[in-house]
Amino acid sequence: MELIRVCIADDHKLFRRLTIAYLQSAPRIDSNIMEADNGRELLRKIRNNPVDVVILDISMPIMGGEEAAAILLNRYPNIKIVMLTINDSPGKILELMNQGVHGYLLKDCEPEELVIAIESVTDRDFYRNTIVEKALKYTERNVKSGRKRLLDDLTNREKEILRHICEEFTTKEIGLRLSISQKTVENHRMNMLQKLSARNTVGLVKYAYENGLLPNN
């Protein structure tokens, strides 16, 4: 099993160290967890020490999480970003999702949820929890009355795969359910990203909500 390499950027040292201590007990996470006081230090450290997942606070001195996330998404598109913050504003969550972050957690979440989020963004490219769900419902309500249906942009197979993505199935699981190869699933996902000008899977999920693709919408 390949371990997940993690870096956490947070200016509160006690919180950061306690979070690291907890993550080091998770079987799938590399115990050699990097840490940074701010976004600038984070970027400097990962330049020569690649990681798979970055955990970012929004409010940090010198360089905050939003600016750091924008740079990470541009320079290191394969790194997954999980925001870990106290800001529960749906507008802020949607803003960061539009930017391309892969998960969003509040600092009062249960410790095990952070592990779940790290594993989810690694395996599925995004993590959908209660606060993200509320933010997606919020944007869906705001656009529903006057939205233009854009689902004709996708083939029936792509819509089917996107529904499974929103239900948090992995590429392997989707392939098994639809009796197609993982490569075919990934090709469809890449085609959808290109068609919809989405940065990553988070953009696809947001599109599905905005266009009423999910059964409960």
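Tabulated data
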| item | result |
| --- | --- |
| Aspartates and glutamates with Cα under 12 Å of K45, excluding same-chain neighbours fewer than 8 positions away | E35, D37 |
| Length-normalised contact order for the chain - Cα pairs under 8 Å, 6+ apart - percent | 16 percent |
| Which listed pairs, of K92/K137; K134/K206; K92/K206; K137/K172; K134/K195, have C-alpha distances above 18 Å, in listed order | K137/K172; K134/K195 |
| Overall form of segment 6-127 per C-alpha gyration tensor (a/c, 1.5; a/b vs b/c) | rounded |
| Low-density loop positions, trypsin sites (Lys or Arg not before Pro), segment 35-143 - DSSP coil, at most 10 other Cβ in 10 Å | R47 |
| 222 nm mean residue ellipticity, helices alone, for the chain (DSSP H n ≥ 4; -39,500 (n - 2.57); rounded to 500) | -16000 deg cm²/dmol |
| Ranked list, fewest to most other Cβ atoms within 10 Å of each Cβ, for S59, S179, S89, S120 | S179, S89, S59, S120 |
| Per-pair calculated FRET efficiency, R0 = 45 Å: L214 and L18 via Cβ, rounded to 0.05 | 0.75 |
| Where labels lie 7 Å past Cα in the beta-carbon direction, separation of K195 and N87 in nm | 3.3 nm |
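Quick note: the coordinates plus some simple rules give every number you see, no bench work behind them. All values reported here derive from a predicted model rather than from experimental measurement. For neighbour counting, all protein chains shown are included, and Cβ atoms are generated from backbone atoms with ideal geometry for every residue, glycine included.
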